[in-house]
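Chemist: The structure is given below, and queries will be raised subsequently.
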Amino acid sequence: MANENQWSRVNRNRNMYDNHPATEPPRIPKSNGNGGPKKPRKKRHWVLAIFLWLVVLGIIGGLAGTAVFVTYANDAPNITQANLASETSSSIYDNQENAIWKLSTVDRDYANSNEIPKQLKQAVVATEDRRFYKHNGVDPIRIAGALLANIRGSSLGMQGGSTLTQQLVKLSVFSTSTADQTTKRKAQEAVLAMRVEKNFSKDEILTFYMNKVYMGHGVSGMKTASEYFYGKPLTQLSLAQLALLAGMPQSPTNYDPYLKDTSRATERRNTVLSAMVKYGAITQSQATAATKTSVTDGLQDLTTKAKLANNNRQVTDAYVKSTIAEAKSLGYDTTKSGLKIYTNMDSTMQQYMYDTANGNSVAFPSEDAQIGATMTDPSNGKVVAQIGSRNNQILQATNHATLTGRSAGSSIKPLLDYGPAIEYLNWPTYRTVEDKKYKYPGTNIDVYNWDRKDMGNITMRSALTQSRNIPAARTLEEVGGASAGKFVNSLGVPTNHIPGGQDAINLDASTEQEAGAYGAIANGGTYYKPSYITKIVTADGTTHNYNTTGKRAMKTSTAFMLTDMMKGVIKPNATASDAIIPGLHQAGKSGLVAYGDNENMPDQAIKDAWFTGFTKAYALSVWTGYDWPAKNYIPWTYQDLPAQYYQRVMSYAMQNKPNTDWTAPDTVTPKVRGNIVEYEVKGEKWSNGGLPLVNSLPQSGETPAEAGISGSAAVGATTGNN
């Protein structure tokens, strides 16, 4: 009975659980081998334990990751509009505001949004970031999609997880090097991308990006690339051309359409077109038609373009070098982008001066013979043009126009000798000077004239037109070094000592300095420092204007009398007959520098040859010589080379300028002597040094008719103390 009752209970229990199939019936204990049931084993929940530990670790890792992310975010650099908006390359412009030189190593012209076609914007978005208008700078969906695409190895070659905004941030404030793509950098990139999205519109971000990307060939920004590759603005490009530009930033070197093998450029262009179809920007038929166009369609010949650009840079090289130096002296960092430097350069004159120096209209003794030349406007000191060398293929090379280590020879005489004599001693143009044997004061060194001859007593006018050395040295001694130094310094020719002795015919100067100094004589006595820059516009759009203020350097009487005497230099019987331009009112002075007796050069060999001349419109100073004068020299037969160069250039320059003569100021009095109109300072006493009065050489000055002086003018002169 007992057994029956036991199994009856078991069966009842089974029936009970049969009515509840979701519940498992209890198991009947097995025997333990001693006739009794086994003890039930405790269940091991090891799977659950592992799961719980993973959850805990995940939470800890998440908290740690968040902490790290926050730390990285707090260390992220600031990002400003200046960082995002790529500045235009610093450029130099001529006086018509035409660009003549780019200063930056990367060429970029910034494009405003309205200069970028809608189709190009669509191409960039379709290719680089289809969800650009939906995310806030970081796109989790794109990241997941990029991960999946990378696993599958597909997605049209656009597997990157970074949004356009993140790419812009990377280009703006971070390095693009693969080695720098650390977790910290990625976190900061994401944070900054969200900041950018918060502060700028989508169109602004897209515009920033399209101006920032590098396009190869030293070009940045799609606008610049359009001009560089096609010679057109973006708005004039075809769909195929726009698609090529949109795809290039990912790898400008591989997708360069100028490569011999253009297959990769073609594939990339077609990839962009396919992306545009999927994006809904164009139809399949439009894409198909565009793919049939060669990627080389419309490309400019870069060889010709580069050669032309290099030639243009050669033409303006010296002027640009002087401009950069002036910009630096004004406190600008010319290595930074965004500067617009506007100059006084007349591109037409610059080109003509360059062509004359490098062409055949003027004969140079050899290919190695060099030139330096500066042209200014006497009324304001603006440098109109400047040539620093010839036959030179090196950019930013030696600028001979501004070198100050070469002797100016006799071209210094009006500035150091005769100018001070008129200014401080009131010498008239006919003042007697001695051209007789003479030694430099305090030395046993004889002074020689270029012809090794003496002319005896002659006028100051004759001494200047015939470029006699002995009278010049005697004049400097009479004026005194202190006064002479003061005078020449006021004209922008510095001295580091009190002039004297050989300085009378041998003071160092540059063509830039002489053009400025002679310009002061041309304008009546006001010195303007030669200037290149008229204004500079900085990256923030601020305009800084620059105008040179003139300073009175000499009396009007001094300027006029020097001019009148130097008119006689450009005469058939004078030292600069090759500078004659028939009918033109002009004046000037030549200068030759000989070698010393111990320099072992042939007789009459010339180390430096000069001519500085002027009209009322222009002053032009010209130097010729060699970089290594100890090895090369200018033959005597080429002594007039600078005057010949001046003659060609000034003839061209004065074609459209008024040919105006100088009018005698009321501070001078004309005196007709020997049929030449001489001048003296009105009402001032002067000394003839106890020497007899003499007449100037014929044709060394103007006749009364040429000068517009009536026959009633007084003949002779009055001296204060003879």
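Chemist: What's the local net charge at Thr459, with K and R +1, D and E -1, over the other residues with C-beta under 13 Å away? Numbers along the way, then the final one.
Modeler: Values: positive: Arg431, Arg461, Arg468, Lys671, Arg673; negative: Glu434, Asp435, Asp564, Glu678, Glu680.
It works out to a net charge of 0.
Chemist: Here is a further query. Checking the a/c ratio against 1.5 first, then a/b against b/c, what shape does the Cα gyration tensor give for the stretch 583-694?
Modeler: Details: a/c = 3.18, a/b = 1.43, b/c = 2.22.
Oblate, since a/c reaches 1.5 and b/c is not below a/b.
Chemist: First select every other residue whose beta carbon is under 13 angstrom from the beta carbon of Lys437; then total the charges, Lys and Arg +1, Asp and Glu -1.
Modeler: Details: positive: Lys436, Lys439, Arg452, Lys453, Arg468, Arg474; negative: Glu434, Asp435, Asp446, Asp454.
Local charge sum for Lys437: +2.
Chemist: Follow-up. Relative to the present Cα-Cα distance, how much length would full extension add between Gln351 and Asn95 at 0.36 nm per residue of separation?
Modeler: Working: separation 256, 0.36 × 256 = 92.16 nm, distance 1.37 nm.
Result for the pair: 90.8 nm of gain on full extension.
Chemist: Would you kindly derive the ³J(HN,Hα) couplings of the stretch 329-338 from the backbone phi angles with the Karplus curve 6.51 cos²θ - 1.76 cosθ + 1.60 (θ = phi - 60°), listing them in order in whole Hz, with x for Gly and Pro?
Modeler: Per-residue couplings from phi come out as 5, 7, x, 9, 8, 6, 7, 8, 7, x Hz.
Chemist: Still on this structure: Test of understanding: what is the full-extension gain from Arg264 to Lys437, defined as 0.36 nm times their sequence separation minus their Cα-Cα distance? Don't skip to the end; give the middle numbers.
Modeler: Details: separation 173, 0.36 × 173 = 62.28 nm, distance 8.36 nm.
Separation in residues times 0.36 nm, less the Cα-Cα distance, equals 53.9 nm.
Chemist: How far is the Cα center of the stretch 401-456 from the Cα center of the stretch 235-251, in Å?
Modeler: 69
Chemist: Apply the Karplus parameterisation 6.51 cos²θ - 1.76 cosθ + 1.60, with θ equal to phi minus 60°, to every residue of the stretch 439-451 and state each ³J(HN,Hα) to the nearest whole Hz, in sequence, with x for glycine and proline.
Modeler: Result, rounded to whole Hz: 10, 4, x, x, 10, 10, 8, 6, 9, 10, 7, 4, 9.
Chemist: With +1 on each Lys and Arg Cβ and -1 on each Asp and Glu Cβ, how big is the dipole of the stretch 391-522 about its Cα centre, in debye rounded to the nearest 20? Spell out each step's value before the answer.
Modeler: Working: 12 positive and 13 negative charges, 54 e Å.
That gives a dipole near 260 debye.
Chemist: Which net charge results when you count Lys and Arg as +1 and Asp and Glu as -1 among the other residues whose beta-carbon is under 15 Å from that of Glu680? Let's see the in-between values first.
Modeler: Working: positive: Arg431, Arg461, Lys555, Lys671, Arg673, Lys682, Lys685; negative: Glu423, Asp564, Asp666, Glu678, Glu684.
Residues near Glu680 contribute +2 overall.
Chemist: Show me, for the stretch 493-504, the HN-Hα J-couplings you get by feeding each phi into the Karplus relation (A = 6.51, B = -1.76, C = 1.60, θ = phi - 60°), rounded to Hz, glycine and proline as x.
Modeler: 10, x, 10, 9, 7, 6, x, x, x, 5, 4, 4
Chemist: Normalised by the residues of the stretch 542-588, what does the relative contact order come to in percent, with Cα pairs under 8 Å and at least six apart? List each step's numbers first, then the result.
Modeler: Details: 27 pairs, mean separation 14.4, N = 47.
31 percent.
Chemist: Moving on. Pick out, from Ile412, Val447, Thr429, the residue whose Cα sits farthest towards the positive end of the charge dipole of the stretch 392-453, with +1 on the Cβ of Lys and Arg and -1 on the Cβ of Asp and Glu.
Modeler: Final value for the positive-end residue is Val447.
Chemist: Let me ask something else. Assuming a ≥ b ≥ c are the square roots of the Cα gyration tensor eigenvalues, decide whether the stretch 212-361 counts as rounded (a/c under 1.5), prolate (otherwise, with a/b larger than b/c) or oblate. Present the calculation step by step, with values, prior to reporting the outcome.
Modeler: On the way: a/c = 3.10, a/b = 2.12, b/c = 1.46.
Judged from the Cα gyration tensor, the stretch 212-361 comes out prolate (a/c at least 1.5, a/b above b/c).
Chemist: Also, quick follow-up: Here is the link list: Lys567/Lys671; Lys260/Lys305; Lys118/Lys186; Lys551/Lys616; Lys453/Lys567; Lys571/Lys631. Which ones come out longer than 22 Å on Cα distance?
Modeler: Values: Lys567/Lys671 17 Å; Lys260/Lys305 18 Å; Lys118/Lys186 30 Å; Lys551/Lys616 18 Å; Lys453/Lys567 24 Å; Lys571/Lys631 34 Å.
Distance filter (> 22 Å) returns Lys118/Lys186; Lys453/Lys567; Lys571/Lys631.
Chemist: Say each of Glu599 and Thr303 gets a label point 7 Å from the Cα, pointing the same way as Cα to Cβ; how far apart are those two points in nm?
Modeler: 4.6
Chemist: Check which residues have an amide H placed less than 5 Å from Val219's amide H, if you skip close sequence neighbours.
Modeler: Residues meeting the amide H criterion: Asp107.
Chemist: Right, next: Could you give the nm distance between label points at Asp451 and Gln502, where each point is 7 Å from its Cα heading toward the beta carbon?
Modeler: According to this spin-label approximation, the distance is 2.5 nm.
Chemist: Would you check the accessible area of Phe364, probe 1.4 Å, heavy atoms only, in square angstrom rounded to 10?
Modeler: Approximately 20 Å² of Phe364 is accessible to the 1.4 Å probe.
Chemist: Among rounded, prolate and oblate, which fits the stretch 336-410 when a ≥ b ≥ c are the square roots of the eigenvalues of its C-alpha gyration tensor, a/c under 1.5 means rounded, and a/b larger than b/c means prolate?
Modeler: Numbers: a/c = 1.57, a/b = 1.41, b/c = 1.11.
Since a/c reaches 1.5 and a/b is larger than b/c, the shape of the stretch 336-410 is classed as prolate.
Chemist: Quick one: putting +1 on the C-beta of Lys and Arg, -1 on the C-beta of Asp and Glu, what dipole do you get for the stretch 549-653 around its Cα centre, in Debye to the nearest 20? Could the numbers behind the result be given before it?
Modeler: Numbers: 10 positive and 8 negative charges, 140 e Å.
Roughly 680 debye, rounded to the nearest 20.
Chemist: State to the nearest 20 debye the size of the charge dipole of the stretch 182-246 about its Cα centre, where the only charges are +1 on K and R beta carbons and -1 on D and E beta carbons.
Modeler: So the magnitude is around 280 debye.
Chemist: Amide H neighbours of Lys671 under 5 Å, counting only residues 5+ apart in sequence or on other chains, H built in-plane at 1.01 Å?
Modeler: It is Glu678, Tyr679, Glu680, by chain and number.
Chemist: Mind giving me the nanometre distance, one decimal, between the label points for Ile580 and Trp636, set 7 Å out from Cα along Cα→Cβ?
Modeler: Spacing of the two 7 Å Cα→Cβ label points: 2.2 nm.
The values are calculated or read from the model by the stated rules, or taken from the named source; none is laboratory data. These numbers were taken from a predicted model, which means no experiment stands behind them. Backbone-built Cβ (ideal geometry, glycine too); neighbour counts: all protein chains shown. Keep in mind that these areas ignore ligands, DNA and RNA; they rest on the heavy atoms of the full protein, side chains included. Shrake-Rupley method; radii C 1.70, N 1.55, O 1.52, S 1.80 Å.
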